[in-house]
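Engineer: Have a look at this one before I ask anything.
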Amino acid sequence: MLPSRLRERLRGLVGDAGIVDRREALLVYECDGYTLERAVPDLVVLPATPEEVAAVLRVLAEERIAFVPRGAGTGLSGGTLPVEAPVMVCTSRLQKIESIDLANRRVVAQAGVVNLWVTRAVAAAGLLYAPDPSSQTACTIGGNVAENSGGPHTLKYGVTTNHVLGVELVLPSGEVVSLGGAVEERVGYDLTGLVVGAEGTFGLVTRATLRLTRAPEAHRTFLAVFDSVEDASEAVSDIIAGGIVPAALEMMDGLILRAVEDAFHAGLPVDAGAVLLVELDGPAAGLDPQAAQVVALCTRRRAREVRVAADEAERALLWKARKRAFGAVGRLAPNYCTQDGVVPRTRVPDILRAISAAAERHRLRIGNVFHAGDGNIHPIILFDERDEDEVRRVLAAGREILEACIALGGSVTGEHGIGVEKIAQMPLLFSPSDLLAMTSLRAVFDPEGRSNPHKLLPDAKVCVESRAPRRQAAM
Amino acid sequence: MAESEAIDGVVPRSVVEPATIEEVAAAIRDAAERDLAVVPRGLGGHLDVGGPPRRADMLLSMRSVSRIVDHQAADMTVRVEAGCPLSRLASTLAGAGQWLPLDPPGSEATTVGGLLATNLAGPLRASQGTARDLLIGLTVVAHDGALVSGGGRVVKNVAGYDMPKMHVGALGTLGVIVEATFKVRPRPALEAAIAMACASPEEAGDLALALRDACEPLWLEIVGPDPAGSSGDLGFGESWSVVAGAGGVTEEVRDALARYAETGGARVLETEVPEAAELRARIADRTLHPLGATIRAATLPTRVGAFLGKLSRSAATRGVSCRVHAHAANGVVRARLDGGESLGALVADVRAEVENEGGNLVVERAPPGVKRTLAAWPGIWGDPGPGLGLMKRIKSTFDPADRLSPGRFVC
């Protein structure tokens, strides 16, 4: 337990409104979107300004207390799970968009600003913030920076790191450093590039300078319907190999389609094996020839129908169905978890076969809704957490799927992060010298290892086995 | 050793030319044992970039470590060794209708390793980004000879820290780059460009942004008048010019050029310049081989016109010849400043101007004598900002004995 003296010092900095310490209120913070492991923090601190964040971190530094940063808690790898870190520091009250510079296409946003708010703030000027994770109505810029988040449209527009020009970082010592900025060149090492995706292990990001993108003038959005997942994945390969860069190229399989259709009535073909959601964007002039090419390629792979969104409303409905697919899955089983592996794009058919084999082997239902154009899979494994044997099978299947991604030349995470979930796979992806370099870099920013300890990097102290009892206790 | 092997006037004691990555690692282990400072070299096209080395005992020629290891055309990725010239990589990719859309100054004399170590970018950055945006995996040899990799072979990957970014632009001060994996893109079916003339750099700055807003350009350059001749090195005469490039299928290129022509109105010089891609490369190359120094300034796009005005007036006042171009959509200006006694004062003056507005200005390249003078004052790099303390810790962590290109970078 934390000494009450420390609690009162922190309360003095952020006020009563910024402290959560009642047991029942703390339960909200026991996990993020990754629910297989849970741990309740001793104390949650919610600073209201970047200056308060720095003050809180200075106190924690003086007291040598480890902490966990948290944004909206939509993360999917357990990055905000408290592991030997009693204090959670939430940035959700840092909600100001501090400046908007339309002519230069820059925004400075505080960490707690919700992703979609940025686009809303600049939409009237024909601009947008390109990274669009499915959770964009809830997830925050701070969380996006920590995880280097992606989204469907990153196929053409890139992920978070391609759109962050600078960050203000509060180091675990409490020192505030402003890295990068509004201009495109920097002097010195690319510290901003290192902080993005560091999963909160370098300290807490309080502000970010974001690059805005021009909103596309026109879209062509199609739904290509296939009888089999194999045909759909071959079509994905053909489109990429055909030199087309769609803005998005997403796949949903039959199981997901039926759940989504039940939830949203988007007119999806519930008897299909798989659908591809393909979007082309840009100036209208170039779109039609490319659209014709996409339709031809899908047809050649035996698409039984290629439906074109007739207007913005139909396009919005298709995207709603896609982005809320995870939520719709809640109808199918009490619990689900998802994986985030990546394979070279031409290996999508191979990994889908491996997923389906794992489902069969472990007697599980697994649906697929994912960023096919990037080779970034999201198998959704359905289960009931009250069934201990089933939970064990879920974990085993998840591991096998990730290891299949590695065997195919891929990675274990495309956008969700390592967190606690995938630490065991890090040594399969990286050599001891690779991991040592990462550990050394971490020590540059956080020599005491107090910012989000036991995440991302395997360490001797917390191994998978020692976490297992907690996992059991939680379920 | 021959003078031709000198790096900023420092002649290395030995030149080693390994044939494989393993041999690079062995050379670095050997250097570590004998406490030799190592400076890697590709085609030698950019050895004048960066600060003068404090020591250069071993010149590590990477030209034989140059295989294209794995081009997966259907995955749109390519893995290549550091010594591979960009031109050879480009031919391979072109065979599949693809390109690595990075066009640094001196592209013909640039290797993959040189591109990454210098982080040089050219006109295409307006639409394609820079090396950091296309690099998906990197292997370096660390100070002790260990092979260290980060990233991977897939286009989307957040496993572990983004270690490759640490080495981009680090001028070999944290490790010797030996192999890189990039995502590549389909090469546009057609590339074309339109040129316009403006009466002043300020007008050119405004016009460039109007063109950007009319239609996202493939590239967008402001080109200053050529101080050397009335017809100009690029044939645009004595005016300030704006050149916008478009790429894609025929329909979109025609549409873009029409919009640019409408925006430019009477200022249009040529509705379609011949050999657009070649012109783009000539613009990128126009600040190479300075007699004085080539500077690179980064400011906001809206301030490019005013900065170009200030720079050209200051240069004229001081009797310095200024050949300049700007990546207008990115706010990046490059100028070759030749002649004049007061080059240092000019650099200090214009640097203060951009730094006051949150930008930066570096001396990108200069002949050895000039560089040593500028390094003493006003400095090659200017103010690295509040991250300097962290940068020094990174350097001392990854190169504790200061043997990797010592003195080349900010710390």
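Engineer: Taking the residues in segment A:248-283 that are among the β-branched types (Val, Ile, Thr) and more than 16 Å from A:Pro379 (Cα to Cα) as candidates, determine which candidate is nearest to the other protein chains (Cβ to nearest Cβ).
Structural biologist: Out of the qualifying residues, it is A:Val278.
Engineer: Within segment B:359-384, take every residue that is of a type in the set (Gly, Ala, Ser) and under 21 Å from the mean Cα position of the chain (by Cα) and give me the one that is farthest from B:Arg34 (Cα to Cα).
Structural biologist: Step by step, filter segment B:359-384, then rank; the result is B:Gly359.
Engineer: For B:Asp349, state whether it is surrounded by fewer than 22 Cβ atoms within 10 Å (Cβ to Cβ) and within 17 Å of B:Asp285 (Cβ to Cβ).
Structural biologist: Spelling it out, it is not the case that B:Asp349 is surrounded by fewer than 22 Cβ atoms within 10 Å (Cβ to Cβ) and within 17 Å of B:Asp285 (Cβ to Cβ).
Engineer: If you check B:Gly122 against the conditions, is it small (Gly, Ala, Ser), crowded, with 23+ Cβ neighbours inside 10 Å and touching an Asp or Glu at 6+ places or on another chain (Cβ under 6 Å)?
Structural biologist: Against the criterion (small (Gly, Ala, Ser), crowded, with 23+ Cβ neighbours inside 10 Å and touching an Asp or Glu at 6+ places or on another chain (Cβ under 6 Å)), B:Gly122 qualifies.
Engineer: Only one residue in A:Glu312, A:Glu360 is surrounded by fewer than 16 Cβ atoms within 10 Å (Cβ to Cβ), away from every other protein chain (no Cβ under 13 Å) and modelled with pLDDT of 95 or more, so which one is that?
Structural biologist: Values: A:Glu312 fails: modelled with pLDDT of 95 or more.
Checking each option against the conditions leaves just A:Glu360.
Engineer: For the structure I just gave you, tell me whether A:Met426 is within 7 Å of chain B (Cβ to nearest Cβ), closer than 22 Å to A:Glu37 by Cα and either crowded, with 17+ Cβ neighbours inside 10 Å or modelled with pLDDT under 95 (or both).
Structural biologist: For A:Met426, the condition - within 7 Å of chain B (Cβ to nearest Cβ), closer than 22 Å to A:Glu37 by Cα and either crowded, with 17+ Cβ neighbours inside 10 Å or modelled with pLDDT under 95 (or both) - is met.
Engineer: Something else about it: Can you tell which of A:Gly286, A:Gly203, A:Gly243 is within 14 Å of another protein chain (Cβ to nearest Cβ) and modelled with pLDDT of 95 or more? Reasoning before the result, please.
Structural biologist: Details: A:Gly286 fails: modelled with pLDDT of 95 or more; A:Gly243 fails: modelled with pLDDT of 95 or more.
Every option except A:Gly203 fails the conditions.
Engineer: Output the residues belonging to segment B:318-334 that are more than 14 Å from chain A (Cβ to nearest Cβ) and not in a loop (DSSP other than H, G, I, E, B).
Structural biologist: B:Ser321, B:Cys322, B:Arg323, B:Val324, B:His325
Engineer: Would you mind stating whether B:Val176 is more than 9 Å from chain A (Cβ to nearest Cβ) and more than 19 Å from A:Thr161 (Cα to Cα)?
Structural biologist: On the way: more than 9 Å from chain A (Cβ to nearest Cβ): yes; more than 19 Å from A:Thr161 (Cα to Cα): yes.
Criteria met by B:Val176.
Engineer: For segment A:271-283, what are the residues that are at pLDDT below 95 and within 29 Å of the chain's Cα centre (by Cα)?
Structural biologist: Of everything in segment A:271-283, just one residue is at pLDDT below 95 and within 29 Å of the chain's Cα centre (by Cα), namely A:Gly282.
Engineer: Moving on. Could we say that B:Asp226 is charged (D, E, K, R) and outside any helix (DSSP H, G or I) here? Write out each step before concluding.
Structural biologist: On the way: charged (D, E, K, R): yes; outside any helix (DSSP H, G or I): yes.
Answer is yes for this residue.
Engineer: Answer yes or no: is there a residue in segment A:330-342 that is away from every other protein chain (no Cβ under 14 Å), in contact with a Phe, Trp or Tyr (Cβ under 9 Å, 6 or more places away or on another chain) and aliphatic (A, V, I, L, M).
Structural biologist: The answer is yes, given that some residue of segment A:330-342 is away from every other protein chain (no Cβ under 14 Å), in contact with a Phe, Trp or Tyr (Cβ under 9 Å, 6 or more places away or on another chain) and aliphatic (A, V, I, L, M).
Engineer: Separate question: Report every pair of residues separated by at least 6 positions or lying on different chains whose Cβ atoms are under 7 Å apart, first residue within segment B:251-266 and facing another protein chain (nearest Cβ under 9 Å), second assigned to a helix (DSSP H, G or I) and modelled with pLDDT of 95 or more.
Structural biologist: If the second residue must be assigned to a helix (DSSP H, G or I) and modelled with pLDDT of 95 or more, the pairs left are B:Arg259/B:Ala214.
Engineer: Then there is this: Tally the residues that are of a type in the set (A, V, I, L, M), in contact with a Gly (Cβ under 7 Å, 6 or more places away or on another chain) and either at pLDDT 95 or above or within 8 Å of A:Asn115 (Cβ to Cβ) (or both), restricting the search to segment A:131-175.
Structural biologist: Of the residues in that region, 7 qualify.
Engineer: Right, here's the next one. Determine whether segment A:374-381 contains at least one residue that is without any contact (Cβ under 8 Å) to a residue 60 or more places away in the chain, more than 13 Å from A:Ile406 (Cα to Cα) and within 14 Å of chain B (Cβ to nearest Cβ).
Structural biologist: For segment A:374-381, residues without any contact (Cβ under 8 Å) to a residue 60 or more places away in the chain, more than 13 Å from A:Ile406 (Cα to Cα) and within 14 Å of chain B (Cβ to nearest Cβ): present.
Engineer: Within segment A:385-408, identify whether any single residue is outside any helix (DSSP H, G or I) and either within 18 Å of A:Gly75 (Cα to Cα) or touching a His at 6+ places or on another chain (Cβ under 9 Å) (or both), and answer yes or no.
Structural biologist: Looking through segment A:385-408, none of the residues is outside any helix (DSSP H, G or I) and either within 18 Å of A:Gly75 (Cα to Cα) or touching a His at 6+ places or on another chain (Cβ under 9 Å) (or both).
Engineer: Taking the condition buried (at least 17 other Cβ atoms within 10 Å of the Cβ) and within 14 Å of chain B (Cβ to nearest Cβ), does A:Gly33 pass?
Structural biologist: No, not satisfied.
Engineer: Identify the residue in segment B:281-303 that is of a type in the set (A, V, I, L, M) and either assigned to a helix (DSSP H, G or I) or free of Cβ contacts under 8 Å to residues at least 24 places away in the same chain (or both) and, among all such residues, is surrounded by the fewest Cβ atoms within 10 Å (Cβ to Cβ).
Structural biologist: B:Ala281
Engineer: Okay, moving on. Being farther than 18 Å from B:Asp285 by Cβ and of a type in the set (Gly, Ala, Ser) narrows it down to one residue among B:Gly114, B:Gly97; which is it?
Structural biologist: So the residue among B:Gly114, B:Gly97 that is farther than 18 Å from B:Asp285 by Cβ and of a type in the set (Gly, Ala, Ser) is B:Gly97.
Engineer: Restricting attention to segment A:240-271, which residues are of a type in the set (A, V, I, L, M, F, W, C) and touching an Asp or Glu at 6+ places or on another chain (Cβ under 7 Å)?
Structural biologist: Within segment A:240-271, A:Ala247, A:Ala248, A:Leu268, A:Val270 qualify.
Engineer: Within 14 Å of chain B (Cβ to nearest Cβ), hydroxyl-bearing (Ser, Thr, Tyr) and either in a loop (DSSP other than H, G, I, E, B) or closer than 22 Å to A:His163 by Cβ (or both), is that true of A:Ser92?
Structural biologist: Considered against the rule, which asks whether it is within 14 Å of chain B (Cβ to nearest Cβ), hydroxyl-bearing (Ser, Thr, Tyr) and either in a loop (DSSP other than H, G, I, E, B) or closer than 22 Å to A:His163 by Cβ (or both), A:Ser92 comes out as no.
Engineer: Can you say whether A:Tyr29 is in contact with an Asp or Glu (Cβ under 6 Å, 6 or more places away or on another chain), among the aromatic types (Phe, Trp, Tyr), in the same structural domain as A:Met426 (by TED's automatic domain parsing) and within 19 Å of A:Gly143 (Cα to Cα), as far as the supplied structure shows?
Structural biologist: no
The values are calculated or read from the model by the stated rules, or taken from the named source; none is laboratory data. What you see is a predicted model, and the numbers here were worked out from it, not measured in a lab. Virtual Cβ from ideal backbone geometry, glycine too; neighbours counted across all protein chains shown.
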